[in-house]
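Some notes on the structure that comes next.
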Amino acid sequence: MLKALVTCMCWLGMACGPMAHATSVVFLNPGLSTETFWVSYTQFMQAAAKDLGLDLRVRYAERDTQNTLAQAREALQGSQRPDYLVLVNEQYVAPQILRMAQGRGVKLLLVNNALTSDQRHILGAQGDVDVIGSLVADDEQAGYLMLIDLLRQHGSVAPGESLDLLAFSGVKTTPSAQLREQGLRRALAEHPEVRLRQLVYGEWTRERAFEQATQLFKRYRQTALVWSANDQMALGAMQALEDSGRFPGKDILFSAINSSPQILQARLEGRVSSLVAGHFTLGGWAMVLIHDDARGVDVSRHREGDAEVALFELLDPAQARRLLDLQARQNYRVDFKALSAVAKPEGYRYPFSLKLLMR
């Protein structure tokens with residue numbers, strides 16, 4: 001009787017063994033725990049992890065790369081190592097984490113900011129680091145779209161006339177900021193009627209951009225357009241304009257990236273004329289890749305290598321309203337399991353897109 005019971009328990013253990021250990025993931029979030037973008041990013045990521053049965057832990061660096069490195073060291077060299085570590089190459093921190101990961105048996109996935117070519121060279125010399133890939137949005141295209149759409153909103157310019165533009169970029173050593181600037185400059189090359197009066201680094205913050213814009217609007221009184229590499233800097237610049245007695249969307253047209261409730265409301269009100277969003281979903285899509293990799297799927301066969309994902313979309317007021325409603329409910333109505341490549345045909349490609357939330 002006892003032998004039969006032990007045999008039954010062993011059989012149950014074997015049957016349930018794969019379910020007993022959920023795939024564990026640590027995400028090194030580079031942002032502030034109060035930062036709207038990174039909080040919404042995490043919420044979407046957590047929704048995906050829950051749907052896919054992943055054990056996700058999120059560590060906020062509070063915009064301090066030393067915190068990121070300490071958290072990476074704890075995750076990779078501590079006694080309870082995760083199965084996967086998700087990181088952002090913010091301020092080029094990835095090489096140090098790659099070195100920490102050597103021989104640790106933890107798989108890495110990069111999101112938002114991929115490795116540079118130099119960093120890929122470093123990775124090539126470290127064969128015992130398992131990087132399953134990177135998942136990044138098309139930041140260059142986002143920077144380009146903002147100015148092109150802003151010009152469409154403004155309308156044609158008479159021959160011989162020009163439009164003065166101010167630009168607010170993020171942290172200079174962040175790849176996403178650099179790529180968005182490249183997109184801006186591509187658009188400028190196509191539109192010589194636009195004069196970039198000054199580009200400043202607002203460090204992604206509302207406060208810094210407010211201080212800069214207060215001075216810039218005095219210096220460049222003919223400014224017609226403002227390009228901002230995120231929502232918080234746009235909101236700071238708009239506040240500076242309002243404090244000067246002028247009106248965003250009327251006296252000066254603004255563009256921005258991201259989908260915080262404040263910037264979505266500004267789009268609804270017409271204070272922001274051009275808004276691009278979508279990359280807050282990257283963490284959620286990363287969970288799908290990890291879910292599949294843990295089940296033996298070669299995820300590279302179902303995506304175009306480490307190519308950028310076309311996630312950024314220009315939002316009209318109706319789409320801004322849709323995203324506001326989804327955020328308020330914190331229910332994005334995405335079936336993450338259905339996106340998995342498990343048991344899908346060879347030709348299946350991951351359909352990651354903001355449109356999945358807009359249906």
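Things to note:
- Unique match (being open to solvent by less than 20 Å² (accessible area, probe 1.4 Å), out of contact with any strand residue (DSSP E or B) (no Cβ under 6 Å at 6 or more places or on another chain), modelled with pLDDT of 95 or more and not polar (S, T, N, Q)) among LEU28, LEU52: LEU52
- For the range 258-305, filtered to residues that are β-branched (Val, Ile, Thr) and farther than 21 Å from ASP139 by Cα, the residue that is most open to solvent (accessible area, probe 1.4 Å) is VAL297.
- Here the range 291-333 is the region considered, the condition is being in contact with an Asp or Glu (Cβ under 8 Å, 6 or more places away or on another chain), over 13 Å from SER259 (Cβ atoms) and part of a loop (DSSP other than H, G, I, E, B), and the residue that is modelled with the lowest pLDDT is GLU308.
- Scanning the range 149-179 for residues that are in contact with a strand residue (DSSP E or B) (Cβ under 8 Å, 6 or more places away or on another chain), aliphatic (A, V, I, L, M) and open to solvent by 10 Å² or more (accessible area, probe 1.4 Å) yields LEU151, VAL157, LEU163, VAL171.
- Per-region count, the range 62-76, residues open to solvent by 80 Å² or more (accessible area, probe 1.4 Å) and either more than 13 Å from VAL88 (Cβ to Cβ) or touching a helix residue (DSSP H, G or I) at 6+ places or on another chain (Cβ under 7 Å) (or both): 3
- Residues within the range 204-245 that are crowded, with 20+ Cβ neighbours inside 10 Å and assigned to a loop (DSSP other than H, G, I, E, B), tallied: 3
- Evaluated against (1) touching a residue at least 24 places away in the same chain (Cβ under 8 Å); (2) over 29 Å from LEU87 (Cβ atoms); (3) among the charged types (D, E, K, R), ARG206 falls short on exactly one condition, (2).
- Residue ranges of strands (runs of 3 or more DSSP E) in the range 18-131 with at least 2 members touching a residue at least 60 places away in the same chain (Cβ under 8 Å): 24-29, 84-88, 107-111
- Only a single criterion out of (1) in contact with a Leu (Cβ under 7 Å, 6 or more places away or on another chain); (2) closer than 30 Å to ALA328 by Cβ; (3) not acidic (Asp, Glu) is not satisfied by ASN113, namely (1).
- Matching entry among GLU308, GLU313 (being surrounded by 17 or more Cβ atoms within 10 Å (Cβ to Cβ) and touching a Leu at 6+ places or on another chain (Cβ under 7 Å)): GLU313
- For the range 85-94, a residue qualifies if it is in contact with a Lys or Arg (Cβ under 9 Å, 6 or more places away or on another chain) and open to solvent by less than 10 Å² (accessible area, probe 1.4 Å), and exactly one does: LEU85.
- Residues located in the range 334-359, provided they are of a type in the set (Lys, Arg) and assigned to a loop (DSSP other than H, G, I, E, B): LYS344, ARG349, ARG359
- The residues of the range 335-359 that are touching a Phe, Trp or Tyr at 6+ places or on another chain (Cβ under 9 Å), open to solvent by 20 Å² or more (accessible area, probe 1.4 Å) and aliphatic (A, V, I, L, M) amount to a single one, LEU356.
The values are calculated or read from the model by the stated rules, or taken from the named source; none is laboratory data. Everything numeric here is computed off the predicted structure, so don't read it as measured data. As a convention, Cβ positions derive from the backbone with ideal geometry for all residues, glycine included, and neighbour counts pool all protein chains shown. Remember, those area values only see protein heavy atoms, side chains included, never the ligands or the DNA or RNA. Shrake-Rupley method; radii C 1.70, N 1.55, O 1.52, S 1.80 Å.
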